[in-house]
Amino acid sequence: MEVNFQIFIDSSIASDTCDKQKGVKMRRLKKTIGITLAGTLFFSQFMLGTMALPVNCKAKEKEEVITTKDLEQYENNELIVCFKEDTKQKSICSLVTKQDAKDDDYLDENSVLLQFDSKQEVKEALKELEKDSSVAYVQPNYTYSTLYEKSDTDFKKQWALYNDGTASYKKVKAQKGIDINMLPAWEYMKDKEKSPVLVAVVDTGIDYLHKDLEAGMWKNEKEIEGNGIDDDNNGYIDDVNGWNSFSDNNRVTDRKKSTTTKEYYNNHGTHVAGIINAQGDNQLGIAGIACENPVKLISSKGLGGALGTMKGMGSTSSIAKAIVYAEKNGARICNMSLGGLENDRYLYDLMKKSDMLFIVAAGNSSYDIDKTPIYPAAYNLDNIVSVANIQCDGTLHESSCYGAKNVDIAAPGSEIYSTTEVDHYDSYIGTSMATPMVTGAASVLLSCNPELTNDQIKTILIASAKPNKNLKNKVLSGGMLDVYQALVMADQGVAPTIETKISNIKASNNKKVTVKVSEGTSKVVKSAYAMGTKDAAYFKEESASYTEFTNQAAITVKKSSVYTIYTQDEKGNETIKIVKVTVLFPTKVTLNVTNKTMKQGSTFTLKANVLPKGVYTKLRYTSSNKKVATVTQTGKIYAKKKGSTVITVITENGKKTACKITVK
């Protein structure tokens, strides 16, 4: 099934002096790019971002104003102009008017989408915009799409939550215990106090009328349905059940089938929603990960369209608007089961500015995204958790992307049974399915521990991952999602981490050990280092000799030594790191010649080679007979009169060699 999508942001943000009409016009789509949606998704051209709240775009050093001059990338002759933060609205409006575009749509107070009639007009606009000092950058209005496969349902339906070893399918034989440890997680938190959490699903839309989802869907209680009035003055009319940023209306579900594929248009988003929050213990269908928590899903539709050639597609602008809507209405976590190959600068800026935690799909292209990035999974942002797809036998699915740096964790994403439109259920494959597993876990963590920050949630999810040899060097954590251990770790706390770096000190043979201590989930109360190999008890002894520091330290090491670095947080979690530092000294020094005959009045330069290679030392040159020849401290010899002398070179630690000089 093919799913496409487009994004929009409320144009009412723009200055009234621009005489912009509130709302957003439907945009024709741009470059087709694959996203990680339901079934085995494939990425084609670009990425999807997520975030909320208007973003002020800032120019970045050494980056081109025009992100690409390839006119073919500006499909439908559209481009996004992002102005510098300090640009006045009057200046922006003036420049936009000057471009004489066919249509314009303000994405936020510093960004505008322009549409022209031809590629020639786009080319001319790019030239003008490149010259304007108020422009931070210009980029295409990228388009996103997704492809996925439906899978058979001849396996135990929710093996991801509890895998007893009987959930084999096709040629994959289940291995008991390869699951997210959900049953003990539900038991562990059953008596815990739980806080409400809003989770955004930026996708093709959710069937909020589905009997297994309805109770877990967010509703805008401040809005009166069907009266055609923006009752809560949030810029969206009748957004009772969410918002459709693709079509700029309140229809977040269609409940219609494609005439070609016979699939419901909103199946993908509905399937994702069920994994996160299908209701439990209702004697119906399935149970979502967060079914025991007061979690509500916001349907923020940035992809899809019910009719025509636009079905299942979305653009930079439509996705951005979906993100903005979600955060504006209080979402703390955002599920992004999509991605692509294009590095979309606007969406990167939007996500970076957001206060939401984004759970994103690693992609379904079967390769290492550290080498060939897929976005937004490969963005180096602290508020992104990237997810790979693991099968019931503990191996990565053949389609799943991976990356020891850019993919954080793996979760079940193969033959996942979940909700689809009009009270149906089906099984899909893809990192699109693995992603909401982690989103569900993140929402449960936050509900049970509302004080957790995004950084802390991310740290816990990664640190609590269940080790898996198949995931070593494939994902950052080296393991798969474990909801129970994440909950336990949130209570016990994640210990602080210690980073060390050994470097050379300039013009010296000494070494410098740079130490950085980072908090886990609790405040660090003590950090110290001592020479030698020590245990944690040593740093609690009153007579112990150690040096305390706060957050960072720099240790100068003059001879080969071992140091122990120690840190402890307020919950008593401790971390120790042993650092071995080797300081090298010269073991031998040689000269380029050992005998040299020179003419009176001539010069010659000796070149010393110190071993081991790379070791630093000062050299001292001497002449046994300065009347015959002298030598500078750089090894340059001056032949003065006939005779012979011995030039000796000596290292700081006394290693030496010599050259006999004969002057004729």
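Numerical summary
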item: Residues located in segment 489-524, provided they are part of a loop (DSSP other than H, G, I, E, B) and of a type in the set (Gly, Ala, Ser); result: Gly493, Ala495, Ala507, Ser508, Gly520, Ser522
item: Output for segment 598-630, where each listed residue is of a type in the set (Ser, Thr, Tyr), part of a loop (DSSP other than H, G, I, E, B) and crowded, with 16+ Cβ neighbours inside 10 Å; result: Tyr616, Thr617
item: Candidate set: segment 520-536, residues that are over 32 Å from the mean Cα position of the chain (by Cα) and among the charged types (D, E, K, R); chosen: the one least open to solvent (accessible area, probe 1.4 Å); result: Lys534
item: Extreme residue, most open to solvent (accessible area, probe 1.4 Å), among residues of segment 546-559 that are modelled with pLDDT of 95 or more and more than 30 Å from Asp455 (Cα to Cα); result: Thr556
item: Residue satisfying all of: in segment 89-103; under 14 Å from Leu113 (Cβ atoms) and charged (D, E, K, R); most open to solvent (accessible area, probe 1.4 Å) among these; result: Lys102
item: Yes/no for Ser464 being open to solvent by less than 30 Å² (accessible area, probe 1.4 Å) and without any contact (Cβ under 8 Å) to a residue 40 or more places away in the chain; result: yes
item: Residue, farthest from Leu611 (Cα to Cα), within segment 646-656, restricted to residues that are over 53 Å from the mean Cα position of the chain (by Cα) and open to solvent by 40 Å² or more (accessible area, probe 1.4 Å); result: Val646
item: Scan of segment 349-377 for residues that are surrounded by fewer than 20 Cβ atoms within 10 Å (Cβ to Cβ) and part of a helix (DSSP H, G or I), ordered by number; result: Lys352, Lys353
item: Selection within segment 421-440 - crowded, with 24+ Cβ neighbours inside 10 Å and more than 20 Å from Pro373 (Cβ to Cβ); result: Glu421, Tyr428, Ile429, Met433, Pro436, Met437, Thr439, Gly440
item: Ser443 vs. criteria of a type in the set (S, T, N, Q), modelled with pLDDT under 95, under 22 Å from Lys296 (Cβ atoms) and buried (at least 22 other Cβ atoms within 10 Å of the Cβ); result: no
item: Selection within segment 395-407 - farther than 15 Å from Ser337 by Cβ and open to solvent by 10 Å² or more (accessible area, probe 1.4 Å); result: Thr395, Leu396, Glu398, Tyr402, Ala404, Lys405, Asn406
item: Residue within segment 259-270 that is part of a loop (DSSP other than H, G, I, E, B), out of contact with any Asp or Glu (no Cβ under 8 Å at 6 or more places or on another chain) and over 24 Å from Gly413 (Cα atoms) present; result: yes
item: Identity of the residue in segment 465-509, under 21 Å from the mean Cα position of the chain (by Cα) and hydroxyl-bearing (Ser, Thr, Tyr), that ends up farthest from Ala290 (Cα to Cα); result: Thr497
item: Close pairs (9 angstrom Cβ cut-off, 6 or more residues apart or separate chains): of a type in the set (Lys, Arg) in segment 534-547, exposed (fewer than 13 other Cβ atoms within 10 Å of the Cβ) anywhere; result: Lys534/Ala544; Lys534/Ile578
item: Boolean, Thr567 is over 24 Å from Ser464 (Cα atoms) and β-branched (Val, Ile, Thr); result: no
item: Members of segment 464-487 that are of a type in the set (A, V, I, L, M), over 15 Å from Asn181 (Cβ atoms) and assigned to a helix (DSSP H, G or I); result: Leu471
item: Thr645 vs. criteria assigned to a strand (DSSP E or B) and within 13 Å of Ala658 (Cα to Cα); result: yes
item: Any hit, segment 316-329, residues being touching a Leu at 6+ places or on another chain (Cβ under 9 Å), surrounded by 24 or more Cβ atoms within 10 Å (Cβ to Cβ) and in a loop (DSSP other than H, G, I, E, B); result: no
item: Subset of segment 363-383 (residues that are touching a helix residue (DSSP H, G or I) at 6+ places or on another chain (Cβ under 8 Å) and farther than 30 Å from Lys176 by Cα); result: Tyr375, Pro376, Tyr379, Leu381, Asp382, Asn383
item: Members of segment 241-258 found to be assigned to a loop (DSSP other than H, G, I, E, B), open to solvent by 10 Å² or more (accessible area, probe 1.4 Å) and not basic (Lys, Arg), listed by number; result: Asn241, Ser247, Asp248, Asn250, Thr253, Asp254
item: Residue check, Asn389 in contact (Cβ under 8 Å) with a residue 12 or more places away in the chain, part of a strand (DSSP E or B) and at negative phi; result: yes
item: Condition check for Ser543: of a type in the set (S, T, N, Q), out of contact with any Ser or Thr (no Cβ under 7 Å at 6 or more places or on another chain) and open to solvent by less than 30 Å² (accessible area, probe 1.4 Å); result: no
item: Residues of segment 467-516 classified as open to solvent by less than 50 Å² (accessible area, probe 1.4 Å) and among the basic types (Lys, Arg), total; result: 1
item: Search result, residues across segment 183-193 that are buried (at least 18 other Cβ atoms within 10 Å of the Cβ) and in a loop (DSSP other than H, G, I, E, B); result: Met189
item: Looking only at segment 181-208, and only at residues there that are among the hydroxyl-bearing types (Ser, Thr, Tyr) and within 19 Å of Met437 (Cα to Cα), the one that is modelled with the highest pLDDT; result: Tyr188
item: Residue within segment 174-182 that is exposed (fewer than 14 other Cβ atoms within 10 Å of the Cβ) and either free of Cβ contacts under 8 Å to residues at least 12 places away in the same chain or part of a helix (DSSP H, G or I) (or both) present; result: no
item: Residues that are exposed (fewer than 13 other Cβ atoms within 10 Å of the Cβ) and of a type outside the set (D, E, K, R), drawn from segment 113-129; result: Ser118, Gln120
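The values are calculated or read from the model by the stated rules, or taken from the named source; none is laboratory data. Because the structure is a prediction, the values reported are computed rather than measured. Please note: Cβ atoms are built from the backbone with ideal geometry, for glycine as well, and neighbour counts cover all protein chains shown. Remember, those area values only see protein heavy atoms, side chains included, never the ligands or the DNA or RNA. Shrake-Rupley method; radii C 1.70, N 1.55, O 1.52, S 1.80 Å.
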